[in-house]
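S.K.: Below is the structure I would like to discuss, written out as C-alpha cells.
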Amino acid sequence: MSLKVIQPGLSTSIQDLGRPGYFHLGIPIGGAMDRFALRVANMLVGNPEGAAGLEVVFMGPEIVFEKDALVAVTGADLPAKVDGKPQEGWTAFEVKAGQTLKFDFLKSGARAYIAISGGIDTPPALGSRSTYPIGALGGIEGRNVQAGDVIPLGEAEMIEPGLNVPKELRRLPDNPAELRVLPGLYWHRLTPAAQEGFFDDDWTVALEADRMGYRFKGGKPLEFVGREQPFGAGADPSNIVDGCYSYGSIQVPGGLEPIVLHRDAVSGGGYFTLGAIISADMDLIGQLQPHTPVKFRKVGMDEALKARSDRKKMLAAVRAHLG
Amino acid sequence: MTQVLSPVPGTFYTQSAPGEPLYKQPGDAVAAGDTVGLIEVMKTFIDVKAETSGTFKSYLIDDGAAIGAGAPLAEIED
C-alpha cells in the first residue's frame, strides 16, 4: 500500500532523523533539517518519532493515496488540502484511498514535514531512510522524489484523527531570526574588530541555502590576524590546514559570506570555522527562507547547554500534551 | 485580469539572462504554459509559467527583486 506522486514540488525528499555514526567516513548525518517538526508530525499520526516522512521545501507536492491514512503537516505553514478541502497544520487529518493531497502557496517558514500513518517504508541505507542525493543514499534510489514515484508505506496502527499541537508548542524563527553561536577553535584567527562585527552586522539568507549549508550575506568582510600560513594551508587567510567540520559549524570562505553547515554537509576541509550554531537553533535554520534577515548572537557553553535542555523540555511537553 | 503568482520564494527575473529580451512585453499574446519569468532559489532556476491564456499586461515585480511565495509577479488580461 502506497502513495503515488503526481507532482513532486521543488525539492521533496524522504527523511527520517538521519544516519549518525558515519561522519568520520565523510557520510553526513542527514535527516530532517527541522527535526522537531518531523518528530511532532510523526507523533500526531501515531508513528514512532523517527519514522520516515516527506521533507517539502517551499512548494508542496501533489500525492494520491492508495489507502486510507492519517496525515499531519508540521514545520512551515504550507496549507494542505485533501481533494480541495483545506486542512489545519500541526493537526492529524484523514486521507481516504483515492483522495489527493495538495498544497497552497507557502505562508511562512521554508520546510514542511508530512507524516503518514505507518511511515514511509523504503529500504533503509546504513540504518536510515533519509535521502542523501549527493551520495545517492536512502530515499528512492538515493534521489529526491519524482513525479510517478510510488512510495511504500509501513503497517499503521490507526489512531483517531484530530490530535493537534497548540501554537505555544510549535517553533518557527522570529523575523529577524536570531541564531546563537558558540565561538570555536579558530575564533582567534579573527581580529577583535571582526569578532565584534560578525555579531553586530545585519545578515540575510542568501539564495545558496540548502540541505548542505546555509549561506548568509550582507555583513562586512572579516579581517584575519596576520600570520605566515602554515604548511598545507592555502594562501587565503581563511584557509587552515584541513580540519574536521561539525554539524552547525560556520565557515567563511575568503572571509566574505558565512556558510552554516547543515545535515548533508561535508565532514572536513580547509576553511577555518569561526564557531558553530548551537544545536538548539539548527532546526530554525531549516525554516529560513532566502532574504530573511538574521542576527547572530554570541553565547557561551552554559547558555548553549541550557538551550539544548529547553528544547528537550519542549519536546517532552509535546509528548505530554499528545498523551 | 489574472495575476501570475510566484510558486516559491527567491529572486525574480524578467529575462532568461542579463542582456536577453524580456520573456513578455506588454501586448504580447500569452498561451497557458508559456514561460513569463524565472526564479532563482537554492542554486536552482525555476521557470514561471502562465496558467491562463490572454494578453500580457505588465510585470508587477522588478527584475532581480526578492520575492516571497505567492507574490504577484505579472498580470495577464483574459
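The values are calculated or read from the model by the stated rules, or taken from the named source; none is laboratory data. Quantities reported herein were computed from a predicted structural model and do not represent experimental measurements. As a convention, Cβ positions derive from the backbone with ideal geometry for all residues, glycine included, and neighbour counts pool all protein chains shown. Just the protein is used for accessible areas: all its heavy atoms, side chains included, with ligands, DNA and RNA removed. Shrake-Rupley method; radii C 1.70, N 1.55, O 1.52, S 1.80 Å.
S.K.: What does the C-alpha gyration tensor say about the overall shape of the protein assembly as shown? Classify as rounded when a/c is under 1.5, otherwise prolate if a/b is larger than b/c, or oblate. If you can, show how the numbers build up before the last one.
M.R.: Working: a/c = 1.85, a/b = 1.16, b/c = 1.59.
Oblate is the answer for the protein assembly as shown, as a/c is 1.5 or above yet b/c matches or exceeds a/b.
S.K.: Same structure again: Quick one: check the C-alpha center-to-center distance for the stretch A:203-262 versus the stretch A:34-49, whole angstrom.
M.R.: Measuring centre to centre over Cα atoms gives 33 Å.
S.K.: In Å², nearest 100, what accessible area do chains A and B bury in total when the solvent probe is 1.4 Å?
M.R.: Numbers: alone 14110 and 4360 Å², together 17120 Å².
Roughly 1300 Å².
S.K.: Put +1 on the Cβ of each Lys and Arg and -1 on the Cβ of each Asp and Glu in the protein assembly as shown; which of B:Gln3, A:Ile114, A:Ile63 then has its Cα farthest toward the positive end of the dipole?
M.R.: Farthest towards the positive end: A:Ile114.
S.K.: Counting helices only, and only those DSSP H runs with n ≥ 4, report the 222 nm mean residue ellipticity of chain A as the sum of -39,500 (n - 2.57) divided by its residues, in deg cm²/dmol to the nearest 500.
M.R.: Helices in chain A give a 222 nm mean residue ellipticity of -4500 deg cm²/dmol.
S.K.: Considering chain A as a Gaussian network with a 10 Å cut-off on Cα pairs, which listed residue, A:Gly213, A:Gly21, A:Gly138, attains the greatest mean-square fluctuation?
M.R.: Its mean-square fluctuation being the largest, the pick is A:Gly21.
S.K.: With springs only between Cα atoms under 10 Å apart, run a GNM on chain A and tell me which of A:Asn144, A:Asn47, A:Asn175 wobbles the most.
M.R.: Of A:Asn144, A:Asn47, A:Asn175, the Gaussian network model singles out A:Asn175 as fluctuating most.
S.K.: In the stretch A:71-119, what residues drop by 50 Å² or more of accessible area when the other protein chains are put back, versus the chain on its own? Use 1.4 Å, and skip ligands and nucleic acids.
M.R.: A:Phe105
S.K.: Quick one: of A:Lys220/A:Lys298; A:Lys102/B:Lys43; A:Lys96/B:Lys43; A:Lys102/A:Lys295; A:Lys107/B:Lys49; A:Lys217/B:Lys24, which pairs are farther than 27 Å apart, Cα to Cα? Let's see the in-between values first.
M.R.: On the way: A:Lys220/A:Lys298 17 Å; A:Lys102/B:Lys43 25 Å; A:Lys96/B:Lys43 37 Å; A:Lys102/A:Lys295 34 Å; A:Lys107/B:Lys49 21 Å; A:Lys217/B:Lys24 31 Å.
Going by Cα-Cα distance, A:Lys96/B:Lys43; A:Lys102/A:Lys295; A:Lys217/B:Lys24 fall outside the 27 Å limit.
S.K.: How would chain B be classified by its alpha-carbon gyration tensor: rounded, prolate or oblate, with rounded meaning a/c under 1.5 and the a/b versus b/c comparison settling the rest? Before the final figure, lay out the partial values.
M.R.: Details: a/c = 1.81, a/b = 1.41, b/c = 1.28.
Since a/c reaches 1.5 and a/b is larger than b/c, the shape of chain B is classed as prolate.
S.K.: While we're looking at this one, here's another question. Give me the 1.4 Å probe accessible area per residue for the stretch B:2-64, excluding ligands and nucleic acids, in Å². Can you show the working numbers first?
M.R.: On the way: 3070 Å² over 63 residues.
Normalised by residue count, the accessible surface of the stretch B:2-64 is 49 Å².
S.K.: Restricting the count to DSSP beta bridges whose residues both fall in the protein assembly as shown, what percent are antiparallel, rounded to a multiple of 5? List each step's numbers first, then the result.
M.R.: Numbers: 79 of 84 bridges.
In the protein assembly as shown, approximately 95 percent of DSSP beta bridges are antiparallel ones.
S.K.: To the nearest 20 Debye, how big is the dipole of the stretch A:206-257 about its Cα centre, given +1 on the beta carbon of each Lys and Arg and -1 on that of each Asp and Glu?
M.R.: Details: 5 positive and 7 negative charges, 35 e Å.
In debye, rounded to 20, the stretch A:206-257 gives about 160.
S.K.: Taking all protein chains in place and a 1.4 Å probe, what share, in percent, of the accessible surface of the stretch B:2-64 do carbon and sulfur account for?
M.R.: Working: 1530 of 3070 Å².
The nonpolar share, carbon plus sulfur, comes to 50 percent.
S.K.: Okay, next question. Could you do me a favour and compute the accessible area per residue for chain A, 1.4 Å probe, result in Å²?
M.R.: Working: 13440 Å² over 323 residues.
Value for chain A: 42 Å² per residue.
S.K.: Per residue of the stretch A:68-80, in order, report the coupling 6.51 cos²θ - 1.76 cosθ + 1.60 (Karplus, θ = phi - 60°) as ³J(HN,Hα) in whole Hz, putting x for Gly and Pro.
M.R.: Computed from phi, the couplings for the stretch A:68-80 are 5, 8, 9, 10, 9, 10, 10, x, 4, 7, 10, x, 8 Hz.
S.K.: Using Cα springs under 10 Å in a Gaussian network model of chain B, which residue among B:Gly33, B:Gly19, B:Gly64 shows the largest mean-square fluctuation?
M.R.: Among B:Gly33, B:Gly19, B:Gly64, the largest mean-square fluctuation in the Gaussian network model of chain B belongs to B:Gly19.
S.K.: Here's a follow-up. Residues of the stretch B:1-36 that become at least 10 Å² less accessible with every protein chain present than in their own chain isolated, using 1.4 Å: which are they?
M.R.: Residues shielded by partner chains are B:Leu5, B:Pro7, B:Val8, B:Pro9, B:Gly10, B:Thr11.
S.K.: Considering only protein heavy atoms and a probe of 1.4 Å, how much of the accessible area of the stretch A:1-117 is carbon and sulfur, as a whole percent? Display every interim value, and only then the final one.
M.R.: Numbers: 1890 of 3710 Å².
That share works out to 51 percent.
S.K.: Next up: Calculate what fraction, in whole %, of the accessible area of the stretch A:177-313 sits on carbon and sulfur atoms when a 1.4 Å probe is rolled over the protein chains. Kindly include the intermediate steps, with their values, before the conclusion.
M.R.: Numbers: 3390 of 5920 Å².
The C+S portion of the solvent-accessible surface of the stretch A:177-313 is 57 percent.
S.K.: Give the calculated FRET efficiency between B:Ala32 and A:Ala97 to the nearest 0.05, with a Förster radius of 41 Å applied to their Cβ-Cβ distance. Write out the running numbers ahead of the final one.
M.R.: On the way: r = 31 Å, r/R0 = 0.77.
Computed FRET efficiency for B:Ala32 and A:Ala97 comes out at 0.85.
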